[in-house]
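A short write-up of the structure that comes next.
Just so it is clear, none of the values below were taken in a lab; they were calculated from the coordinates. Keep in mind that this is a model prediction, so the values were computed, not measured. So basically every Cβ, Gly included, is an ideal-geometry build from the backbone, and we count neighbours across all protein chains shown.
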There are 2 protein chains.
Amino acid sequence: MTRSMPGSRVLALVLAGVVAAGVAPAAQAPDPVQRIRASAQYAQASTFIEADYDRFVRELVALNEIPAPPFKEQARAKAYVEMLRDAGLSDVEIDAEGNAMGVRKGTATGGPMLAVLAHIDTVFPEGTDVKVKRQGTRLAAPGIGDNTRGIALMLSVIRALQAAKFQTTSDVLFVGNVGEEGEGDLRGVKYILRQGKYKDRIKQFIAIDGGEQGNITRGGVGSLRYRVTFKGPGGHSYGAFGLVNPAYAMGSAIARFSRITVPITPKTTFNVGAVRGGTSVNSIPAEVSMDIDMRSESCAELKKVNEAFLAIVQQAVDEENGVRSTREGKIAADPKLIGDRPCGETLPSAPIVQTTTAVVKAFGLTPNYSISSTDSNVAMNMGIPAVTIGRGGPGGRAHAPDEWTDVERKGSVEAVKVAMTVILAVAGVP
Amino acid sequence: MTRSMPGSRVLALVLAGVVAAGVAPAAQAPDPVQRIRASAQYAQASTFIEADYDRFVRELVALNEIPAPPFKEQARAKAYVEMLRDAGLSDVEIDAEGNAMGVRKGTATGGPMLAVLAHIDTVFPEGTDVKVKRQGTRLAAPGIGDNTRGIALMLSVIRALQAAKFQTTSDVLFVGNVGEEGEGDLRGVKYILRQGKYKDRIKQFIAIDGGEQGNITRGGVGSLRYRVTFKGPGGHSYGAFGLVNPAYAMGSAIARFSRITVPITPKTTFNVGAVRGGTSVNSIPAEVSMDIDMRSESCAELKKVNEAFLAIVQQAVDEENGVRSTREGKIAADPKLIGDRPCGETLPSAPIVQTTTAVVKAFGLTPNYSISSTDSNVAMNMGIPAVTIGRGGPGGRAHAPDEWTDVERKGSVEAVKVAMTVILAVAGVP
């Protein structure tokens, strides 16, 4: 694929169905990657990263020990925004949604912007013991990998760029964002891309939220989550026998839902994750509810499952209202959307994917493409070229209390260098 | 039917298959009813009941606003036992099961005893708003009819008997008992009749737990209750998609159960009263469960529904294990019996039914016999002559959040008089 002529680059983007605006000279991969790695600033930045290793580990531990449960990231955001300021960013602030952020100005400042996000929230509830346990270079604690390592790595990258006075073409917005996990429902990145002050300027997007550095997430698994409440008049199980029962409508909906068919590829899934309702064994419940999760690598398949699901809920309600008495009231279902992670894709041919691939290969790593659910979903869905890259590893047990990450020096230093190089290559170096 | 000779009375009881021991002169209906209503004490007691109306309503509201969820009746029992003491009973206490009770001694004290029970528990869980809403004489609140009205009525009866110094032949044990509803499984009355200090002396039994005063419950509907737990391996909704899901097995069981047919006569019913399980929207549940209630006026029909239900649970489990992957484990269901209300009957010819009928007719009301599930089931099953009588009305929506009862003065006063007269006639007046 020819990537040297701007004309053909734009054409490739149009063919890929991706918004082309703002793709800076950064996309001239792989040559720019070689040029970046051969530069004097790169040598300086690399030396800095090696020297910064101890501080990286110290900050990783310190940041992890500031709890950041869903919707309660304030303390960590406050600490993080000060670290962004110390690292030398400008326009440092916490926005209205709680995201900690700052800008590193490029030579074409004020124009198209690259946003680099690493989420500061964890899946763990308030009260979780987040103290880090060390065994040699193995650090164990809830959230230590996903994603405290990502935000610690981002700080080391910024400091290295500053130390080497490494100029980029476009402005780079660095964000420690809230609300990536669970019911956070991507609220941090949604705010930044849909409402935040830079929303019209962000034309490329990188999330630091993967495992080892060969991993490149270029597709966003879409998901829809509902809490469906079935309500009815309720009543005594014996005295009012014959009245409609919302548990029957829900049972029928679950049984029907369990029988739908979904493709194996593109991977598409559905789940009934929780049920609740009713007050006593001898009362017809007045209310029951269930929590539903549907996901797909394909926007079209997700839409199909969603439509099938909503139709099933209505059929189950109609059936129950048809076979039992509604003299005290009917069954009604209220499917409330409690999660909406937009689907999206950055095509393999997109310059941001090509550039990231070139960087990964330049470090002797094997690119491993995946489709996942990260902050990049929102960017992809809006047509903004986006990838999610690694935070370094090895590590494991993400979302479990015994989560761990290994900060062996050589691998850790390399992870920071890879991430820095991706950011430089995507933002462009004059 | 001749009822004046003790011999023939005993014969009738034996023919009825009911234990005859301890049936006191009380059973000489209908003449004793006329005698009671013509007495000077009756006139005094009636005048008292009319004057006591405002207090009755005040206590009904106050008692209802002390929550009494299943197994958490302590606060109400404590308040009620003090009210029994104030009303003038002796041997006032809360027994080991939590029943609030006291004795009103008869002239043949120490001999056969009449037990009068009104349950203090409600079906509503902790945290339910039990504040009473008034619209004229219409009081609405969870539990207001079933059975706060019953326990308030009992207090007014006791006070009237005391005020008129109305002597009975047998001792009368008045009980505000626990555990009538739901999972309480008749634990209060079971304790009193099977283990309590008066167990060998209680030879007649009245429960105050019906609607309007014409209603006489002389049959005990049998019921079987299960908590069925469905377990499986669990897993991530996306990563482990395709594994068996216990919510699907339960949904299928509910859908099948909702479609079984039962006879209208003898009345037979079934219910799914509560469901629960699962920890998060994006996890396949490891465990879900449901609470099931089945009842019948006929022991044979109850057996049939029970067998159909257990077969359905097994079919639903087998189906789920057949259509999804069991590589991490299978679905298994455990139907645990959580309620077993014995069937029983007091024959229409039994003196306690005849006496109650005579009282109801004496007040110009039409007796309406029914078979229900009340504290009387346990007595009937043990061969103790028992009826459940009304607490007064009109009212409705028992076990629903919008339950109501009407305390219009004339009807309310009459309800107390009817209950008092039944108790007097059954306990016997020298």
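Using only Cα atoms, find the angle between the long axis of helix B:351-362 and the longest principal axis of chain B, and express it within 0 to 90 degrees, rounded to the nearest 10. For B:351-362 against chain B, the angle is about 70 degrees. The 3J(HN,Hα) values that the Karplus relation (6.51, -1.76, 1.60; θ = phi - 60°) gives for segment A:63-79 are, in residue order, 5, 5, 7, 9, x, 9, x, x, 6, 9, 8, 3, 4, 5, 4, 5, 5 Hz. Gly and Pro appear as x. Annotation: amide H of B:Arg276 within the under-5 Å range of B:Ser289, sequence separation 5 or more or interchain, hydrogens built in the peptide plane. Largest GNM mean-square fluctuation among A:Gly220, A:Gly329, A:Gly239, using chain A with Cα springs under 10 Å: A:Gly239. Segment B:112-136 and segment A:368-430 have Cα centres lying 61 Å from one another.
In segment A:243-325, a dipole from Cβ-located charges (positive for Lys and Arg, negative for Asp and Glu) runs towards its positive end, and of A:Ile260, A:Ile292, A:Val313 it is A:Ile260 whose Cα lies farthest in that direction. Taking Lys and Arg as +1 and Asp and Glu as -1, the other residues whose beta-carbon sits under 12 Å from that of A:Val157 total +3. Cross-link reach is defined here as a Cα-Cα straight distance under 20 Å, omitting same-chain residues fewer than 8 places apart; for B:Lys199 the aspartates and glutamates meeting it are B:Asp91, B:Glu93, B:Asp95, B:Glu97, B:Asp171, B:Glu180, B:Asp185, B:Glu345, B:Asp375.
With neighbours defined as other Cβ atoms within 10 Å of a residue's Cβ, the residues A:Phe71, A:Phe174, A:Phe48 order from fewest to most as A:Phe71, A:Phe48, A:Phe174.
Using a cut-off of 20 Å between Cα atoms, the listed pairs A:Lys105/A:Lys165; B:Lys72/B:Lys131; A:Lys72/A:Lys131; A:Lys304/A:Lys336; B:Lys78/B:Lys105; B:Lys267/B:Lys304 include B:Lys78/B:Lys105 as exceeding that distance. When the inverse distances between all different Cα atoms of segment B:208-284 are averaged and flipped, the Kirkwood radius reads 16.3 angstrom. Rounded to the nearest 10 degrees, the angle from helix A:409-427 to the longest Cα principal axis of chain A is 90 degrees. Derived scalar couplings between HN and Hα for segment B:250-266 equal 5, x, 5, 4, 5, 4, 5, 4, 5, 9, 6, 10, 9, x, 6, 10, x Hz in order, rounded to whole Hz, by the Karplus curve 6.51 cos²θ - 1.76 cosθ + 1.60 (θ = phi - 60°), x for Gly and Pro.
Relative to one another, the C-alpha centroids of segment A:176-248 and segment B:70-96 are positioned 51 Å apart. Computed about the Cα centre, the dipole magnitude for segment A:45-89 is approximately 240 debye when only Lys and Arg (+1) and Asp and Glu (-1) carry charge, each at its Cβ.
Our summary gives chain B a relative contact order of 26 percent, counting only alpha carbon pairs under 8 angstrom and 6 or more residues apart. Placing a pseudo-label 7 Å from each Cα along the Cα-to-Cβ vector at B:Tyr369 and B:Arg259 gives an inter-label distance of 3.9 nm. Among A:Glu93, B:Glu297, B:Glu73, the order by Cβ neighbours within 10 angstrom, fewest to most, reads A:Glu93, B:Glu297, B:Glu73. Once the Cβ-Cβ distance of A:Asp91 and B:Thr279 is raised to the sixth power relative to R0 = 41 Å, the FRET efficiency obtained is 0.50.
Dividing the summed -39500 (n - 2.57) terms of all DSSP H runs of n ≥ 4 by the residue count of chain B sets its mean residue ellipticity at 222 nm at -11000 deg cm²/dmol.
Taking the three principal axes of the alpha carbon atoms in segment B:41-169, the coordinate ranges are 45, 38, 19 Å, sorted in descending order. Placing unit charges on the Cβ atoms of the charged side chains and taking the dipole of chain A about its Cα centre, the candidate lying farthest along the positive direction among A:Ser39, A:Ser283, A:Val244 is A:Ser39.
Debye-formula intensities of chain A, expressed as log10 I(q)/I(0) at q = 0.12 Å⁻¹, are -0.94 (one equal scatterer per alpha-carbon, no solvent). Label-to-label distance for B:Arg134 and A:Thr326 is 3.8 nm, based on points extended 7 Å past Cα in the beta-carbon direction. Summarising the label geometry, the points placed 7 Å from Cα in the beta-carbon direction at A:Leu310 and B:Asp200 lie 7.2 nm from one another. Remark: A:Lys417, B:Lys72 ranked as B:Lys72, A:Lys417, counting other beta-carbon atoms within 10 Å and listing the fewest first. Would you mind checking the tilt of helix B:150-163 against the longest principal axis of the Cα atoms of chain B, expressed as 0 to 90 degrees and rounded to 10? The helix B:150-163 is inclined about 20 degrees to chain B.
The 3J(HN,Hα) values that the Karplus relation (6.51, -1.76, 1.60; θ = phi - 60°) gives for segment B:269-283 are, in residue order, 9, 9, 7, 9, x, 7, 9, 6, x, x, 10, 7, 4, 9, 10 Hz. Gly and Pro appear as x.
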